[in-house]
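I have placed the structure first, in the form of structure tokens, so that the comments after it can refer back to it.
The values are calculated or read from the model by the stated rules, or taken from the named source; none is laboratory data. Computed from a predicted model, the values in this text were never measured in an experiment. Heads up, the Cβs are rebuilt from the backbone with ideal geometry, glycines too, and the neighbour counts pull from every protein chain shown.
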Amino acid sequence: MATALTEPIPAVAVEPEVAPAPQRVWTVRGRRWLAGLVLLVLAALPAVLGVRDVLAHRDGYLLADHGIMELHVNDVGEHPELLGAYSRFGWYHPGPMATYLLAVPYRLMDGASASLVVGTLVLAGISSVGAVLVVRRRAGLLAAAWALLVLTIGVRLLGAEFIRDVWNPYLPVLPFLLGVLLCWTAIRGDAWALPLAVVPMSLAVQSHVGYLAPVGAVGAVVAAGLLVRALRSRLACRRGDRERRRMPGRWSVAGAAAVVVGLVLWLPPIAQQIAGTPGNIGMLVDYLRAGPADPTLSSSTAVRMIGEEFGRLPAYVAGASAGRPPGWATAVGVIAVVVALGVAVRRRRGDALWLGALTLALAAAGVAALVRVDGPWLPYLTRWTAVVGVLAWITVGLALMPDLRAGVARLLGRRPLLPDVVLGAPLVVLATIAAVVTAVGVARAETPTFDSTDEIGRLEQAVVADLDRLGLRTVPDPPVVRVDFSTSSGPEFVVSAHVGPALAVQLVRDGVDVQVQPRWVMPFGQRYVERIDEAGYVVTVAAVEDTTAVPEPWQQVLGVGEQFQVFGGVPPVP
């Protein structure tokens, strides 16, 4: 026995484990990195081609509400801008964040009206790239390719001119989508995303109060998600999980950063509420508490309208009308989401479940927002609901893609990258086609309420020339110039009110001290009506077709264009 125990044990030849070649690993990572970069470039393509077209045709002027927005952008740095755009209900939308953001390209492009369009396109491009990047980080390349396809189709369905529109209800739609996805990845464990999400969410609410309901719904889901995460972290700490013990500190820092970012972004409206009389936030709260005075949409109609968001993609793919998708398309969309969430529950796919929860919360907020519409419903009031459809179909992809990949892998054997190629290649091809088609459409689209004829510029120069002729711009104390719109009550008045803000903006940019009639105090602001009695020169803008618009005895016709005309003169001293 002893001999047997002391005999040497024969050596066993063990083949060393062959590590993957560094070059091969780099190649795989490099390919994935390159594929991700391609997706991001495609996401930015519509905005990039749109910017290129705007810069190539930058001469022109923003009209109507867009012109009023330009006036306030021009005032940034010269006068305090504490509020958002005006509302027809006698209050202002919560904050001026969009005004400050658009002031950057406005200054860089020397005050060109087209700079606001460039800024809007840049915001859309950043939001699209950010959305695809968040999905790529959280769910991988296949999910990112699917998200890009869904997003580009969604942008196309909004209309080729949509992401060129600087109007306050439209500008935040894509940033809001990015904000929802940042909240989603924060729920799933990315603490850094929490303070970042505050930025697009604040932009949305400050731009238009209609975003308050969806942002509140997203906030409720985020609170629930972080509560679940905190409870799991506490249980893990009891079990001695060291990694989980470090989590509360990380989330405390993220939460504090989110609060600080929010306070900074909301300082202007908070300051107005404290110093203003009346405070705008207080007026908004009173309006929301009172409820709609003239509701026009029933609950059933609101549910149908939100349901249609689920059906736009299948309707578009089938060649049917996506503007008002048929019932079968809505049914397909709703069933797809239900099946996807069922699979996510069964497979315990938290990413799909939480994104689905956010989507359903937004759908519920959309119904509530539609029911609360005060007066006639107009599409701009709830344009953000397009985000519901985009998120719904991204959720479907997140829930079903792993099973689809597993099925392809079983058919193809053990080659690990082949299923990704088989699924990813067609997705990238389709996403590329969708991105290119959408980008070409954006590049060819007309910018909404943008006059590129230079008629306004010529009329404004005629006014300036008359002021110079009279020596009113060179005197030590130049007079106030009052800009009047035609007093006609017909459609001609609408035309003059359409172009009036653009004329006022250009006069202000040329150093003219402009005032308008008190009836325009809401859109223009108090500082543009408070010295109207000091007017030493009066400009009247009217439509050429307005036969009732005639100069005052002390005015003369300064210029006549194809659509508009201006009169000007020194009013008699009372």
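Could you say which residue among V14, V25, V41 is modelled with pLDDT of 95 or more and either among the β-branched types (V, I, T) or assigned to a helix (DSSP H, G or I) (or both)?
The conditions single out V41.
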- Query: Of all residues in the range 500-550, how many are without any contact (Cβ under 8 Å) to a residue 60 or more places away in the chain and hydrophobic (A, V, I, L, M, F, W, C)?
  - Reply: 14
- Enumeration of residues in the range 50-80 that are closer than 19 Å to E455 by Cα, outside any helix (DSSP H, G or I) and of a type outside the set (F, W, Y): H57, R58, D59, G60, L62, L63
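Evaluate the following for R405: is it on the phi < 0 side of the Ramachandran plot, surrounded by fewer than 22 Cβ atoms within 10 Å (Cβ to Cβ) and at pLDDT below 90?
Spelling it out, R405 is indeed on the phi < 0 side of the Ramachandran plot, surrounded by fewer than 22 Cβ atoms within 10 Å (Cβ to Cβ) and at pLDDT below 90.
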- Message: Anything in the range 321-335 that is part of a helix (DSSP H, G or I) and surrounded by 20 or more Cβ atoms within 10 Å (Cβ to Cβ)? List them, or say none.
- Response: A329, T330, G333
- Breaking point among (1) at pLDDT 90 or above; (2) of a type in the set (A, V, I, L, M, F, W, C); (3) surrounded by 16 or more Cβ atoms within 10 Å (Cβ to Cβ); (4) in contact with a Phe, Trp or Tyr (Cβ under 7 Å, 6 or more places away or on another chain), for A497: (1)
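Scan the range 291-306 residue by residue and report those that are loosely packed, with under 12 Cβ neighbours inside 10 Å and within 18 Å of G216 (Cβ to Cβ). Walk me through how you get there before you give the answer.
At the first step, the residues of the range 291-306 found to be loosely packed, with under 12 Cβ neighbours inside 10 Å are 291, 293-294, 298-300.
Residue satisfying the conditions is G291 alone.
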- Message: Take the conditions buried (at least 18 other Cβ atoms within 10 Å of the Cβ) and among the acidic types (D, E) and apply them to D374. Does it pass?
- Response: no
- Task: Taking the options L400, L360, L412, L391, name whichever one is modelled with pLDDT of 90 or more, surrounded by fewer than 20 Cβ atoms within 10 Å (Cβ to Cβ) and either assigned by TED's automatic domain parsing to the domain that holds V222 or touching a helix residue (DSSP H, G or I) at 6+ places or on another chain (Cβ under 7 Å) (or both).
- Result: L400
- Query: Could you say whether any residue in the range 453-475 is part of a loop (DSSP other than H, G, I, E, B) and closer than 19 Å to S113 by Cβ?
  - Reply: yes
- Message: Residues that are closer than 21 Å to A43 by Cα and in contact with a Leu (Cβ under 6 Å, 6 or more places away or on another chain): does the range 443-452 have at least one?
- Response: yes
